[in-house]
Amino acid sequence: MAAITASMVAELRAKTDAPMMECKKALTEADGDLVKAEEILRVKLGNKASKAAARVTAEGIVGTYISADGKLAAIVEVNCETDFVAKNDDFLAFVKSVAELVATKNPADVAAIGALPLDGSTVEAVRTALVGKIGENMSIRRFERVEAKGKVASYIHGGAKVGVLVDLIGGDEVLGKDIAMHIAASKPKALDASGVDSALIDSERRVAIEKAKEAGKPEAMLEKIAEGSVQKFLKEVTLLSQVFVKAEDGKQTIEQLLKSKSASVAGFSLYLVGEGIEKKVTDFAAEVAAQAAAAAQAR
């Protein structure tokens, strides 16, 4: 039996917003497996247990670059330690420059970005100098480069905490902006069902089966119930199946919207700052208590 630590319970609680004791019970039942524990909580508590899937856990911004003809674009995430620095003019200029370099120079990976020329030096040298000037660490976390089949539209939201690029074939500038805005709001995981991670689908299937069992459904019905749940899930997380956030009738899907405009989406990129990064949270009371204890021992 794996040891269930306080940090494991805290991490699961942050992901699910479930009560502390429920998190501990789920971790115990899952023998310390966080993914399995989250599934257990979703079976017991429903959708409440998945609310923090996209919670932002680090500071920084998303930067984008689109060429004048809309055929070449890039999106980057650059992290820093505090939101204060994320608003710093020098930091913002650095992110903008990196996005343009990614698009025009086509680096192989994040490490290769550091060697690209910038301001008579290199990206890494500029980054290092900026760290020294501002007094806070910063890092280029990830990027995507787009050679568009159509034209790229973009949308930045929430102080550049959310960034979107959409490769739109046909349509117009207004449609591109609307689709990008929808993606920022609805956060699809893929364009259609073929792009959804099979692990996510398997998880939905397992949760549906366990819920059905707890509800006393016959064994013969379990697979049919699970398949229905999976299809519902896929409609909710794939762009083309989602209901357009600005639909006047509340029913028009993105696929229907695109068809009405004789347009299609070749692909999209969605970045949420800090997605998947655990942010260090300081317990001020505990820190003060620890300092007091250390001072007492030193006497």
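The values are calculated or read from the model by the stated rules, or taken from the named source; none is laboratory data. Predicted model, so just to flag it, every value in this text is computed and none were measured. Every residue, glycine among them, receives a Cβ derived from its backbone with ideal geometry; neighbour counts consider all protein chains shown. Please note that ligands, DNA and RNA were not included when accessible areas were found on the heavy atoms of the full protein model with its side chains. Shrake-Rupley method; radii C 1.70, N 1.55, O 1.52, S 1.80 Å.
Points to keep in mind about this one:
- Rg and Dmax over the alpha-carbon atoms of the chain stand at 22.9, 78 Å.
- Spin-label model distance (nm) - residue 124 vs residue 29, 7 Å beyond Cα toward Cβ: 4.9
- Computed over the chain, relative contact order equals 19 percent, with contacts defined as Cα pairs under 8 Å that lie 6+ residues apart.
- Taking a straight Cα-Cα cut-off under 13 Å and skipping sequence neighbours fewer than 8 places away in the same chain, the aspartates and glutamates within cross-link reach of residue 15 are 38, 39, 275, 278.
- Listed peptides 262-270, 124-132 appear in the order 262-270, 124-132 once ranked by packing, highest mean of other Cβ atoms within 10 Å at the front.
- Split the accessible area of the chain by element, probe 1.4 Å, and carbon with sulfur accounts for 53%.
- Rounded FRET efficiency, nearest 0.05, which uses the C-beta distance separating residue 44 from residue 82 and R0 of 35 Å: 0.45
- Within straight-line reach of residue 133, meaning a Cα separation under 24 Å, sit the following lysines at least 8 residues removed in sequence or on another chain: 87, 96, 161, 279, 280.
- Per-peptide average of other Cβ atoms within 10 Å, ordering 230-242, 107-119, 160-172 highest first: 160-172, 230-242, 107-119
- Taking 18 Å as the straight-line reach from the Cα of residue 261, the aspartates and glutamates in range (excluding those fewer than 8 positions away in the same chain) are 167, 172, 173, 178, 248, 249.
- Cα-Cα over 18 Å, subset of 189/213; 24/217; 177/259; 71/149; 25/232; 36/217: 189/213; 24/217; 25/232; 36/217
- Heavy atoms of the protein chains alone define the surface here; on that basis the stretch 55-147 has 49 Å² accessible area per residue at 1.4 Å probe size.
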